[in-house]
Each structure stands twice: as C-alpha cells, then as structure tokens.
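Working notes for the structure below.
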Amino acid sequence: MADLLQRVAANGDVEAFRALFQDYAPRVKSYMMRQGADPRTAEELAQETLLTVWRKAALYSDEKGSATTWIFTIARNLRIDRLRKEVAWQPLPEDNDEQPSPDPAPDEVMSEKERGDRVRKILAELPPDQSEVVSLAYVEGLSHAEIASRLSLPLGTVKSRMRLAYHKIRDALEDLR
Amino acid sequence: MTITHHPDIANLMCCAAGSQPEAFAAVIASHLSLCKSCCCEVRRMQQIGVALFDKLEPAKMAGPAPVVAMRAGEAETAPQKDETTPAHHPCCGMTAGGVPGPLVPLVGESLDTVDWHWLAPGVWVHTVPLSKGCCGELRLIKVAPGKKIPEHTHEGQELTLILRGSYTDALGTYRQGDVADLDEAAVHSPVACSKMGCICLMANEGKLEFTGTLARILQPLLNR
C-alpha cells in the first residue's frame, strides 16, 4: 500500500490512486458510519478523505509509518472537524514525525508492521469488558463520560478498563527490549 | 522543564482515539507539545485506532473514485509538493511568552498580553472560546503569588496544565508542564507559588462549584 501511495506522490499516478481508493474508501465510509454519520455523509467524508490523500501524497514518506496509519489519521481528523464540528486539537498530524527522535523508544525500532501485528493480537485477546470500552472510544468516538452512561458504569471503571487494555498493549510492544 | 505529573493514561487514550471533549483535547494537546514521553505514548495508542480501523467491515461506496474530477481539475488538485505546514505540531514547545504552540492561534503569543478579567482578589480569568455547541469550559487562570484559589468541587472531570509558576495542594506541587488530572470526587484548594504565582490552563466538563461562602458569592462572576 505504501508503494501505491508513493506512486501517487511521485507521478500523480491515477491508477495507483484508484487502487488505494478501492481498498480504503469503503473502510473510511464504514468508520464514519460507526462514528454516527448517515450513509450519505459517510460517503462524502470517505471521498474527501481520499481526495486529501491525493492532494497530500507528496507529504507522505514510509518513514512516517504505514500508509494505513497515515490515511486513518487524515480520516480521523476530518471526522473531528466535520462530524463533531470541533477543532482537531488532538495533534496527530499526518506528518507527526518530521523531526525523527534521536533516540527512539525501543519499540519504535520494531517495524511498523510487527507493531501492528502485535497490537491486533493483543486486541483480539482482550477480555470482552476491556475490548468493549476500547472499541467505543476508538470506533464509536465516545468520550469516557459517554461510555460510562452508555454502559451504566461508574466513570472510574471505564477509565480503569481502558488503562488495563493499554498496559497489555504496551507490554507487548516493549518485550523486545 | 522537568515534568512530573502527567495526564491519566485513559485520557491520553481518549486523545489518541479522537473522542475527547474539545476543552480536554486542548489541554492534552498543549501538554503533548511540552512532553515528549506522552507524545510517544500517544503514538503507541494511535496504533490501537489503526488496528481497529483495519478490521472494520467495509461499507460499499455508492460512487467511484473521483478520478474524472481530478483529471479535469488537474491544475488545482494535482499532488502538491510544498503544502503549507499544518497549524498544530506535537512537541513544538512553548513561545517565549509562555504559550504552548497549539494554543497560540487562540490566545496569542504571550500570557502577558492576554485579556484578563478580574475574578477575585489575586485571581484573574480568561475564557478561551470553544467551537459552537461543545460542552465544557476552557479557561486561563492567573493567580497572584501566595494566593489561594477558593476551595471547589467539580461537576465532572477537571484537567489543569501549569503554564507559568506553580501551585501546591494536598496532592503535591505542580510546575510548568505538569498536568493535574482530577475526577469528580476531588475537592481541592490550590495555593499559588509564593514567588511567581501561577498561570494555568484549565478544562472543566461541568461547572465549577465553589464550596465556601465568599466563593459562592463569586460564582456568578465566573460563569458569566
């Protein structure tokens, strides 16, 4: 996928873009719908996300992470801007590594793919109560308070489940040290 | 700057997920601009979002890729080589005037030129505007050296980032870059540093409730 993105970046390769679109647009649309957009709005946001990918392809480099990470980040920021009509404060800009850290944390030396595989594996193994809060926060876009009220749980319980889930992921990313 | 108090892990996750109320997101973004270790955590946490996104069931697109439009409008839409940099960068530090990078567009370059409103003896506030329809409040608060912020409870969560000086309460001393991450149950009455006073950025989910008599009289001033 990174390869397709680089072809778009290097020569404005329309065929490569079409392939990226086919792969990503349906997932972006699905993400927007899970975040509460109606199908038409979700479609528009997916189109716009991929159009941004086309426009900004030159800013992508595979040192900045996988194509999926980059495209997802664009979708996520667009969603905050359009669906919530709020400022995308959460600073995960598409070029978040423009100054590579001189001493990367141990897990940053691991390949992006390897990290992704590990994260997916841990997520699949999480107990249902932890997996549920993580999914509500990331996929449905709910705040802690909204999750607490959706699940009729105390706020503290929601937060502690989130923390437990993250600690597992963090441990899995660090054990190569 | 040595940062010793960081936001709760769950709050950083919420930031990575992009599901944080705007006022909190502003405080977290400002802290991230000063704290490399939290930046690294958030980058790891972002991988959770990517992994979940990767697994989503695709939704069929009604329309094709906008290729025709792209060809027709090639001049405007061709990939750009020198896009201007986005407004917010993580880890971009603080201005000489003590404002974290992400906040500059909203409050200007310096804490000294902020339009402060008197709230109580030795306490000034400046409300930072949020997007329309957002719940919660975001404020800059300036406290004179040695002054005490009236004891208060919070309707919801409270997140405070110290921008200048320090304050001390029962939980410890908070200095520049530190975040006090308090939940609903907390009642506290911080005292500003006796030399420099304290300027902080504070996000609240609900309204502040002052518990003392004088403070209750002041309450309407804060919520105006």
note = Treating every alpha carbon of segment A:106-174 as one equal point scatterer without solvent, the Debye formula yields log10 I(q)/I(0) values at q = 0.15, 0.18, 0.20, 0.24 Å⁻¹ of -0.51, -0.68, -0.79, -0.99
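Which trypsin sites (Lys or Arg not before Pro) does segment A:117-173 hold that lie in a coil by DSSP with at most 10 other beta carbons within 10 Å?
Numbers: sites: A:Arg118, A:Arg120, A:Lys121, A:Arg150, A:Lys159, A:Arg161, A:Arg163, A:Lys168, A:Arg170; in loops: none.
Here no trypsin sites (Lys or Arg not before Pro) fit, given the DSSP loop and packing criteria.
In the neighborhood of B:Met61, defined by Cβ-to-Cβ distances under 9 Å, what is the net charge if each Lys or Arg adds +1 and each Asp or Glu adds -1?
Working: positive: A:Lys29, B:Lys60; negative: A:Glu43.
Cβ neighbours under 9 Å give a net charge of +1.
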ask   = Which of the listed residues, A:Pro39, A:Ala9, A:Ala57, is farthest toward the dipole's positive end in segment A:2-82, when Lys, Arg count +1 and Asp, Glu count -1 at the beta-carbon?
value = A:Pro39
request  = Based on a Kirkwood Rh over C-alpha pairs, give the Stokes-Einstein translational diffusion coefficient of segment A:1-75 at 4 °C and viscosity 1.567 mPa s in µm²/s.
outcome  = 106
query = Within segment A:122-161, which GluC sites (Glu not before Pro) sit in a loop by DSSP and count at most 15 neighbouring Cβ atoms inside 10 Å?
reply = A:Glu140
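Hey, fewest Cβ within 10 Å first, where do B:Lys55, B:Lys147 land in order? The partial results should precede the final answer.
Details: B:Lys55 13, B:Lys147 20.
Fewest-to-most Cβ neighbours within 10 Å comes out as B:Lys55, B:Lys147.
Taking the Cβ of each residue in A:Asp23, B:Asp112 as the centre, tally the other Cβ atoms inside 10 Å and list the residues starting with the fewest.
Details: A:Asp23 16, B:Asp112 12.
In order of increasing Cβ crowding within 10 Å: B:Asp112, A:Asp23.
All of the numbers you see were taken from the coordinates with simple rules; none came from a lab. Quick caveat, the model's predicted, so the values are computed rather than measured. Neighbour counts are summed over all protein chains in view; Cβ atoms, including those assigned to glycine, are modelled from backbone coordinates with ideal geometry.
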